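For reference, the structure discussed in these notes is given below.
The values are calculated or read from the model by the stated rules, or taken from the named source; none is laboratory data. Worth saying up front: this structure is predicted, and the values here are computed from it rather than measured. Ideal geometry is used to build each Cβ from the backbone, glycine not excepted, and the neighbour counts take in all protein chains shown.
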Amino acid sequence: MLNFFEKTGAYALYYVNEAGRMGIFLLNSIMSVVKPPYKIYPIIRQTYIIGTLSIFVILFTGVFTGMVLGLQGYHTLNKFGAEGLLGSAVALSLIRELGPVLAALMVTGRAGSAICAEIGVMRNSEQIDALECMAIDPHKYIMAPKFVAGIISMPLLTAIFDVTGILGGYMVGVGMLGANRGTYFASMYKDVEFNDIYMGLIKSLCFGILIIWICSSKGYFVHLSRGGGFGAEGVSRVTTNAVVLSSVSILLFDFFLTSVLL
Amino acid sequence: MKEKAVVQMVDVRKSYGSQEVLKGVNLSIIEGKTTVIVGGSGQGKSQIIKHILGLIRPDSGSVIVYGRDISNISKKELKKIRTNFGVLFQNAALFDSMTVFDNVALPLRERTKMSEHEIKKIVSEKLVMMDVEGTNEKYPAQLSGGMRKRVGLARALVLDPKIIFFDEPTTGLDVKKSNEIYRVFSKTQKDLGYTAVIVSHDVPKIFNLADYVALLYNGVVQGRGPSGENQLSDSPMTPEEFQLSDNPIIKEFVETTMGPLYLSEMEV
């Protein structure tokens with residue numbers, strides 16, 4: 001019984017510690033983004049890695065998500081004779097919910113895992129210690145460009161996801177199932193408001209910060225992770241944890257953001 | 001001329017969970033001299049360097065660098081003190097995604113406002129000094145272990161720091177490559193006159209480079225006295241004093257052909 005309480009206490013202490021570490025890490029990273037000097041090249045490079053290299057997977061998932069929405073939406077709306085609302089149903093689903101969430105999940109899998117592994121390896125091979133010893137702030141040098149790149153990339157990737165999703169829905173709804181082309185776009189123009197786009201934009205910005213924060217900090221503190229974070233196994237374990245935690249956090253934050261923004 | 005201690009560790013203690021690694025370390029690093037820290041595996045030699053670099057904070061005690069106790073100072077002040085340091089890590093800690101040139105140029109680009117032309121000149125000089133010229137465009141993975149260490153040393157020296165730390169500089173190298181590292185070290189130390197702190201297993205060879213020797217055993221730096229009391233922080237031992245010491249731990253170390261220390265059965 002005592003053993004159970006000891007273990008529970010140890011778990012609780014570990015997670016409180018980790019939450020504190022991650023909180024301070026986020027603050028330091030935000031400070032390093034705001035504080036000069038500002039170097040453009042590292043930001044462009046990270047935007048390429050996080051954003052540009054994710055475009056293909058975003059296009060692919062975006063178009064298929066739109067196609068499924070078109071397919072499901074058409075058959076459901078058809079039951080009520082409301083297939084004319086297909087365009088707005090697809091667009092609203094994508095812009096308000098699916099676009100930001102699915103794009104964030106894709107970026108977590110593709111870029112977030114890479115960020116965590118990269119920083120974890122840097123920690124294990126003493127590269128981060130080397131930076132500190134050279135009086136170079138690791139937050140400024142490594143984390144700041146990634147945060148800025150995440151903030152730039154996520155809204156753009158979400159916009160690409162939304163547009164390709166709408167086109168996917170059009171391909172299935174209009175091209176395959178015979179919904180009216182004019183009605184598809186007209187209902188979209190009529191029902192999608194600026195507030196919907198604003199909600200999607202805010203969500204994608206928050207998810208961008210969330211992904212970079214969780215994945216970077218997990219890699220940065222790999223040596224303090226439970227069960228030991230050294231070696232290839234340690235890095236792979238924290239990378240998995242980072243992807244799982246990021247994905248869960250995206251869904252959790254999505255609910256809270258929707259509650260606040262609706 | 002009186003020798004000046006640039007680093008002093010006073011009764012430094014550090015524990016990880018229930019394991020106490022450093023149990024009251026007292027150590028002085030003398031300006032312009034080479035201090036070698038020896039001891040068995042897992043005794044905490046690298047911990048001493050990490051404490052001086054401010055990468056680890058002690059549980060108690062003081063680490064005084066250039067008159068400032070760094071065990072309790074702000075990140076900003078610590079960063080300022082670190083501008084005096086250069087470090088050659090055990091595995092060189094080069095950035096894998098950067099070329100040799102970019103690795104060595106990094107401190108110049110991040111910490112100075114030099115033009116690329118000036119940076120190129122300085123980096124080239126350091127690479128020549130280390131006998132690794134012509135590797136500018138190579139990546140660390142394309143270099144041998146010895147070359148990586150020399151590039152690491154070039155990076156450590158590029159801003160002409162006052163103190164350079166060498167964490168196991170010859171680990172993983174064969175005799176020939178180890179000798180190359182020692183040759184480069186002797187040459188640069190003589191030319192530039194920096195203070196050196198070397199953590200090494202390579203005994204007795206490393207003693208040829210040492211001005212002072214400190215033996216870390218059972219979490220303390222062994223003193224010169226017959227009862228093995230801790231060394232006073234202002235009295236480091238020369239290699240000669242070390243070899244003639246009455247301390248039974250040091251005697252045992254010297255007698256076992258001055259090889260790596262495995263004295264687990266002995267009591268301090």
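Observations, loosely collected:
- Only one of the numbered conditions (1) β-branched (V, I, T); (2) within 14 Å of chain A (Cβ to nearest Cβ); (3) crowded, with 22+ Cβ neighbours inside 10 Å is violated by B:I81, and that is (3).
- Any chance B:V87 is of a type in the set (V, I, T), at negative phi, in contact with a strand residue (DSSP E or B) (Cβ under 8 Å, 6 or more places away or on another chain) and within 14 Å of another protein chain (Cβ to nearest Cβ): yes
- The residues of the stretch B:38-60 that are crowded, with 19+ Cβ neighbours inside 10 Å and touching an Asp or Glu at 6+ places or on another chain (Cβ under 6 Å) amount to a single one, B:I49.
- Which numbered condition A:T158 fails, given (1) more than 14 Å from chain B (Cβ to nearest Cβ); (2) in contact (Cβ under 8 Å) with a residue 60 or more places away in the chain: (2)
- Cross-chain or 6+ apart pairs with Cβ under 6 Å, the stretch B:43-72 first and more than 14 Å from chain A (Cβ to nearest Cβ) and of a type in the set (G, A, S), then in a loop (DSSP other than H, G, I, E, B) and surrounded by 20 or more Cβ atoms within 10 Å (Cβ to Cβ): B:S71/B:P58
- A residue that is at pLDDT 95 or above, surrounded by 19 or more Cβ atoms within 10 Å (Cβ to Cβ) and aromatic (F, W, Y) occurs nowhere in the stretch A:184-191.
- Residue within the stretch B:176-187 that is in a loop (DSSP other than H, G, I, E, B) and farther than 19 Å from B:A210 by Cα present: no
- If only residues of the stretch B:149-179 that are more than 26 Å from B:V6 (Cβ to Cβ) and out of contact with any helix residue (DSSP H, G or I) (no Cβ under 6 Å at 6 or more places or on another chain) are counted, the one that is surrounded by the most Cβ atoms within 10 Å (Cβ to Cβ) is B:S178.
- Yes/no for B:Q47 being out of contact with any Ser or Thr (no Cβ under 8 Å at 6 or more places or on another chain), modelled with pLDDT under 90 and either among the polar types (S, T, N, Q) or within 16 Å of B:Y194 (Cα to Cα) (or both): no
- Among the residues of the stretch B:232-268, just one is modelled with pLDDT under 50, buried (at least 16 other Cβ atoms within 10 Å of the Cβ) and more than 17 Å from B:Q43 (Cα to Cα), namely B:S233.
- Residue within the stretch A:129-152 that is surrounded by fewer than 21 Cβ atoms within 10 Å (Cβ to Cβ), within 13 Å of another protein chain (Cβ to nearest Cβ) and at positive phi present: yes
- Test: residue in the stretch A:61-76 that is over 22 Å from A:I211 (Cβ atoms) and of a type in the set (S, T, N, Q): yes
- Filtered by the rule that a residue be touching a residue at least 24 places away in the same chain (Cβ under 8 Å) and surrounded by fewer than 21 Cβ atoms within 10 Å (Cβ to Cβ), the stretch B:123-134 gives B:M129, B:D131.
- Residue in the stretch A:44-52 that is under 30 Å from A:Y189 (Cβ atoms) and out of contact with any Phe, Trp or Tyr (no Cβ under 8 Å at 6 or more places or on another chain) present: yes
- Annotation: of all residues in the stretch B:94-110 being in contact with a Lys or Arg (Cβ under 9 Å, 6 or more places away or on another chain) and assigned to a loop (DSSP other than H, G, I, E, B), the one that is nearest to the other protein chains (Cβ to nearest Cβ) is B:L94.
- Filtering the stretch B:111-136 to residues that are closer than 22 Å to A:Y141 by Cβ, part of a loop (DSSP other than H, G, I, E, B) and not polar (S, T, N, Q) leaves B:K113, B:M114.
- From the options A:V174, A:V163, residue that is of a type in the set (V, I, T) and surrounded by fewer than 19 Cβ atoms within 10 Å (Cβ to Cβ): A:V163
- Restricting the stretch A:87-128 to residues that are within 14 Å of chain B (Cβ to nearest Cβ) and farther than 12 Å from B:F95 by Cβ, the residue that is surrounded by the fewest Cβ atoms within 10 Å (Cβ to Cβ): A:A114
- Positions within the stretch B:152-165 being away from chain A (no Cβ under 11 Å) and in contact with a Lys or Arg (Cβ under 9 Å, 6 or more places away or on another chain), in sequence order: B:L153, B:A154, B:L157
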